[in-house]
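Please treat every number below as a calculation from the coordinates, not as lab data. Predicted model only: the values in this text are computed from it and were never measured. In this analysis, Cβ positions are derived from the backbone assuming ideal geometry, glycine residues included, and neighbour counts consider all displayed protein chains.
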Amino acid sequence: MRALLAAMNCAKGDLAGNLASHLTLLRAAAPGDLILFPEMSLTGYVDPVSSSNWLAGLKDASVTQLIAATGEAGVCACFGIAERSPDGQPHITQIVAAEGKLLGIQRKRYLGEGEDAFTPAEGNAVFDYGGTRFGVAICAEAGHDAPFNAAADAGATLVLFPAAPGLYGRRTDEASWRAGFSWWEDCSLGDASRHARRLRLWIAQAGQAGATVDEDFPGLAALTGPDGTVVDRLPDWNPGVLTVNIGNDD
């Protein structure tokens, strides 16, 4: 399977602008591609208390438009929102859609530092596309075994790892960007390697990249193979799209 892993800048609350960026990438993809967007890619990384008006529901126009666009492009896309669920609870949610249809969602089960205002979810989803079964582990969930174990137990050979790890302090020069990136590089690739090796999984990651109105993100897109080695990756914290081929482990 060919996959496009998008490290992208996701402006907070700019649903229209973020949607346009998503649609641009879908139009550049080839039929049959799998596209991974970062955590909360469509809404941006918004606070459910101070910016509750920026939360999105699964039936919001921006969400349904993006789902429909996967049909026009003939692709599968995994994208993220800060979700207002039907019962009013805020969740961190990845949506998986393929060829114009909603395949399902994975809500974040293990919240990260500073995410106490969100509601942790229960339940593990797996998805099938192009002959590949995959699960989703969202950002801080990489520090836990359970999401990866659940995917492997359900027959997944791939786990998608979307992320948006906010950096403490603003990045003002190359040295400060490099310091933030180095932290996330070591942390995320280390977690990906550990889970890949112990479960013989492919792990594809993509993170939010660059500065937003009040927070900076370290980017990084990478593919880790079932032996724990990095197959390919973007070199730094800048936005970019990594195109990889994900094969079966022999």
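Observations, loosely collected:
- q = 0.14, 0.22 Å⁻¹, the range 52-135: log10 I(q)/I(0) [Debye, one scatterer per Cα]: -0.49, -1.06
- Column: log10 I(q)/I(0), Debye, Cα scatterers of the range 152-232, q = 0.12 Å⁻¹: -0.38
- Sorting 32-43, 195-206, 116-127 by average packing, meaning the other beta carbons within 10 Å per residue, from highest down gives 32-43, 195-206, 116-127.
- Net charge in the neighbourhood of D214 (other residues with Cβ under 15 Å of its Cβ; Lys, Arg +1, Asp, Glu -1) is -1.
- Where the alpha-carbon atoms of the range 1-101 are placed on the principal axes, they occupy 39, 25, 21 Å, in descending order.
- Cβ-based net charge around R170, under 12 Å, with every Lys or Arg adding one and every Asp or Glu removing one: -3
- Secondary structure note: in the chain, about 70% of the DSSP beta bridges are antiparallel.
- More than 16 Å apart - percent of Cα-Cα pairs taken over the range 31-81: 45 percent
- Only helices enter the 222 nm calculation for the chain: every DSSP H run of n ≥ 4 contributes -39,500 (n - 2.57), and dividing by all residues gives -8000 deg cm²/dmol, rounded to 500.
- Options [x] 19.9, 76; [y] 18.6, 70; [z] 16.3, 49 - which one matches Rg and Dmax of the Cα atoms in Å as calculated here: [z]
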